[in-house]
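What follows is a single structure, written as structure tokens, with notes after it.
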Amino acid sequence: DLLCGRWELLATTQARGAGLLRAMRRDPTLGRVDVYQDIRRENSELRLDNVITIRRDDDGWRSAWTLLAPNTRSSLVLRHTATLEGMRILAALDGVEVDGTRVGEAPQTIAALPLPGITGEAGVFDNTYVDGALRIARSSGDVLRVFERVS
């Protein structure tokens, strides 16, 4: 499956949150935000996870807004079941997980909440371009997202 893998969000036309993402990429002293989309097959089912990770790599005052201790990170994982129709992915949210680290430790799950029965268009998007390294997706509201494969 060409779509399966870990994809890092490089750019988006979505206004909400995009400014913070751009600012933190330009100035790492603010902290760092990474956004990934993990697409994989588990048995015969397609899974899609959106992973938003905030990191604080130093103890500078400019990154204090993250509320994280220096050299730590925390992630929000939105877990979805997914179906594939051609190059269109329909995703339905079925769980949320929050994890974090302490200095020098591996990430630990803080909370995991299954959300069975949530339906609707949690995510419907068309992959308008995909190859081994790059993917361009357009979602409802005509939001364009550009991803780079990282694994």
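The values are calculated or read from the model by the stated rules, or taken from the named source; none is laboratory data. Every value quoted in this text rests on a predicted model; they were computed, and no experiment measured them. No Cβ is skipped: glycine too gets one built from the backbone with ideal geometry, and neighbour counts run over all protein chains shown. Surface areas here come from the heavy atoms of the whole protein model, side chains and all, with no ligands, DNA or RNA. Shrake-Rupley method; radii C 1.70, N 1.55, O 1.52, S 1.80 Å.
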Considering only the range 48-57, how many residues are surrounded by fewer than 18 Cβ atoms within 10 Å (Cβ to Cβ) and over 14 Å from Val96 (Cβ atoms)?
-> 2
Being modelled with pLDDT of 85 or more, farther than 22 Å from Arg145 by Cβ and among the polar types (S, T, N, Q) narrows Ser63, Ser74 down to just Ser74
Could you please tell me which pairs satisfy a Cβ distance under 8 Å, a separation of 6+ or placement on different chains, a first residue in the range 125-149 that is touching a residue at least 12 places away in the same chain (Cβ under 8 Å) and assigned to a strand (DSSP E or B), and a second residue that is loosely packed, with under 13 Cβ neighbours inside 10 Å and among the small types (Gly, Ala, Ser)?
-> Phe125/Ser140; Glu148/Ala133; Arg149/Gly132; Arg149/Ala133
Looking at Arg41, is it open to solvent by 80 Å² or more (accessible area, probe 1.4 Å) and free of Cβ contacts under 8 Å to residues at least 24 places away in the same chain?
-> no
So is Ala91 at pLDDT below 90 and not hydroxyl-bearing (Ser, Thr, Tyr) or not?
-> no
With respect to the numbered conditions (1) at positive phi; (2) in contact (Cβ under 8 Å) with a residue 24 or more places away in the chain, which one is the sole condition not fulfilled by Glu8?
-> (1)
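Which one of Asp38, Asp1 is among the charged types (D, E, K, R) and part of a strand (DSSP E or B)?
Details: Asp1 fails: part of a strand (DSSP E or B).
Going through Asp38, Asp1 in turn, just one is among the charged types (D, E, K, R) and part of a strand (DSSP E or B): Asp38.
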Selection count, the range 58-103, where residues are open to solvent by 40 Å² or more (accessible area, probe 1.4 Å), closer than 18 Å to Tyr36 by Cβ and not in a strand (DSSP E or B) = 0
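Confirm whether Thr29 is of a type in the set (S, T, N, Q) and in a strand (DSSP E or B).
Numbers: of a type in the set (S, T, N, Q): yes; in a strand (DSSP E or B): no.
No.
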